[in-house]
Structure formats: structure tokens, C-alpha cells
Amino acid sequence: MEEHGQNQYEREVQERWGRTDAYKESARRTRSYKAADWAHIKAESERIEAGMAELMQAGEAAEGVGAMDQAELARLHIDRWYYPCSHRMHAGLADLYVSDPRFAAHYEERVQGLASFVASAIRANAARQAG
């Protein structure tokens, strides 16, 4: 990853989502972030992912309250730092986390099966919110 969240996939991201409101809002917000902001964002994301991995390794269900609560923390993280992220939008991201090999590899590097666990927890959280 390059400095301040810019990475090798920026061109692809802009081509796929550059015209969306979410992308525009994320670009607006992140333009003003300083190194300390990026460090905080990274640490927060790390805590959320580590929490998911711990739950999975402890045998908790992805549809359980603990995993859904972690999924909600992940959604709020996106909402706070990047763009408004509805539960429905987050569920769409869950699909990306398992369908795109790069996203899946990010989770699988931590622990085998984590991408599916995270995606299932996100979908369960969205369903919980929908009632």
C-alpha cells in the first residue's frame, strides 16, 4: 500500500466506481486526512478484522451476535471514514469480499475461511437490521 491509502488499484477503482456518490464522498473526505488519521483508520480496521478472526477461530457462528456486532463495527468504520454505508451497501461489499480474489486473499492471509465468515456476518447483520 502506498502512502495515505493510495494503492496500485486506484485506477481500477476510479473506472469502476468513480462516478458514484460513494466514491466522490470518499475522495472528498480522504483528501483532508493526515498521516495520523490514516494510522488511526488502519489501526481501527486491524482491530475489527482481528476481532472477526478471533470469533471465527473460537468457533462462533458468522450469524451470531458477536460476529454481527463486528460486522456493524466494520460498516460504521466505512461510514465514518469514507462514505455513507447503508446495511444494503455493506452487504454488496460482502459479495465483493468473496468474489474478488484480491479481497478474499486479504482475509485469507489472516486465517483460512475468514473471507466467507466476514461476508456471512455482514449479510446477517444487514438482515438483523432489516428485521
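Key figures
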{"read-out": "Candidate set from region 78-104 (those that are part of a loop (DSSP other than H, G, I, E, B) and farther than 15 Å from V118 by Cα); member that is least open to solvent (accessible area, probe 1.4 Å)", "value": "C85"}
{"read-out": "Single residue of region 62-77 satisfying the filter (open to solvent by less than 20 Å² (accessible area, probe 1.4 Å) and within 9 Å of the chain's Cα centre (by Cα)) that is nearest to S45 (Cα to Cα)", "value": "H77"}
{"read-out": "Residues located in region 45-61, provided they are open to solvent by less than 30 Å² (accessible area, probe 1.4 Å) and touching a helix residue (DSSP H, G or I) at 6+ places or on another chain (Cβ under 6 Å)", "value": "I48, G51, M52, A53"}
{"read-out": "Any hit, region 29-39, residues being of a type in the set (D, E), under 13 Å from the mean Cα position of the chain (by Cα) and either farther than 15 Å from V118 by Cβ or modelled with pLDDT of 95 or more (or both)", "value": "no"}
{"read-out": "Qualifying residue in region 35-57 (condition: free of Cβ contacts under 8 Å to residues at least 24 places away in the same chain and outside any helix (DSSP H, G or I))", "value": "no"}
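The values are calculated or read from the model by the stated rules, or taken from the named source; none is laboratory data. Quick caveat, the model's predicted, so the values are computed rather than measured. All Cβ positions, even for glycine, are placed from backbone atoms using ideal geometry, and neighbour counts span all protein chains on display. When the accessible area is computed, the model is the full protein with side chains, heavy atoms only, and any ligands, DNA or RNA have been set aside. Shrake-Rupley method; radii C 1.70, N 1.55, O 1.52, S 1.80 Å.
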